[in-house]
Amino acid sequence: MSDIADWHDRAASFEDEAARLLGTASGTVKSRAVTVEKTYDSIVLLNSKQDGFLRQALRCVSAGLNRAAQIMAWLAMVNLIFEKLSEDKLVALRRERPAWTGADIYEIAETQTEFAIVEILQLVGLATKTEKKNLHGLLSRRNECAHPTNYQPTSNEALGYIDEVINRMRTLQAKNAD
């Protein structure tokens, strides 16, 4: 199957799944789901991991697992960040952080925080200062969900987070490292 046909099938499958999962939610959540679906459709180059993480995030919202939804959406973003940093075989990253060792981005990520990895995006030209700060904000909200806190996001908040992640992914996809 060609890449275009595969992408088309995945997009159609996502649309069906999102409608099925979110169709049972409240009216406000339904309208948010439509926005998320349209935003998701605007992303052209998701890999299977990113697609899977975003689908799982939507399934989590449907099940009322709003903290888990935000964690899954962040995983899609991290996968894209790793992909973008690796496009040039880590040349730009190693230029800015020669002390960061590892054969690939996954080995580097074992010794570096996600905060530091997001920080490097600005230095290699994959994010503006404002975009970097927004990604740090998304990471902070993800951390609230992943660690013991009193934070209990609503379905609308979780869908808003997913929508923001998708928008940020679309912006990042269009960029190349310096």
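The values are calculated or read from the model by the stated rules, or taken from the named source; none is laboratory data. Quick caveat: nothing in here was measured; it's all calculated off a predicted structure. As a convention, Cβ positions derive from the backbone with ideal geometry for all residues, glycine included, and neighbour counts pool all protein chains shown. Only protein heavy atoms, including side chains, enter the accessible area calculation; ligands, DNA and RNA are left aside. Shrake-Rupley method; radii C 1.70, N 1.55, O 1.52, S 1.80 Å.
Note on region 25-74: among residues that are hydrophobic (A, V, I, L, M, F, W, C), modelled with pLDDT under 85 and open to solvent by less than 20 Å² (accessible area, probe 1.4 Å), the one that is farthest from the chain's Cα centre (by Cα) is 29. In this entry, residue 149 is excluded by the filter for residues that are hydroxyl-bearing (Ser, Thr, Tyr) and at pLDDT 95 or above. Pairs are defined by a Cβ separation below 8 Å, a sequence spacing of at least 6 or placement on different chains, a first member in region 77-105 that is more than 27 Å from residue 164 (Cβ to Cβ), and a second member that is open to solvent by less than 20 Å² (accessible area, probe 1.4 Å) and part of a loop (DSSP other than H, G, I, E, B); the pairs so defined are 95/124; 104/90.
Scanning region 88-121 for residues being within 17 Å of the chain's Cα centre (by Cα) and not aliphatic (A, V, I, L, M) gives a total of 5. Only a single item in (1) surrounded by 14 or more Cβ atoms within 10 Å (Cβ to Cβ); (2) at pLDDT below 70; (3) assigned to a helix (DSSP H, G or I) is not met by residue 12, and it is number (1). Counting the residues of region 148-178 that are within 17 Å of residue 62 (Cα to Cα), open to solvent by 70 Å² or more (accessible area, probe 1.4 Å) and under 18 Å from the mean Cα position of the chain (by Cα) gives 1. Scanning region 121-147 for residues that are within 13 Å of residue 71 (Cα to Cα) and either of a type in the set (D, E, K, R) or surrounded by fewer than 16 Cβ atoms within 10 Å (Cβ to Cβ) (or both) yields a total of 6. Taking region 75-120 as the search range and keeping residues that are surrounded by fewer than 13 Cβ atoms within 10 Å (Cβ to Cβ), of a type in the set (D, E, K, R) and outside any helix (DSSP H, G or I), which one is modelled with the highest pLDDT? Among residues in region 75-120 that are surrounded by fewer than 13 Cβ atoms within 10 Å (Cβ to Cβ), of a type in the set (D, E, K, R) and outside any helix (DSSP H, G or I), the one modelled with the highest pLDDT is 104. The residue list 150, 134, 167, 156 contains one member that is assigned to a loop (DSSP other than H, G, I, E, B) and among the polar types (S, T, N, Q), which is 150.
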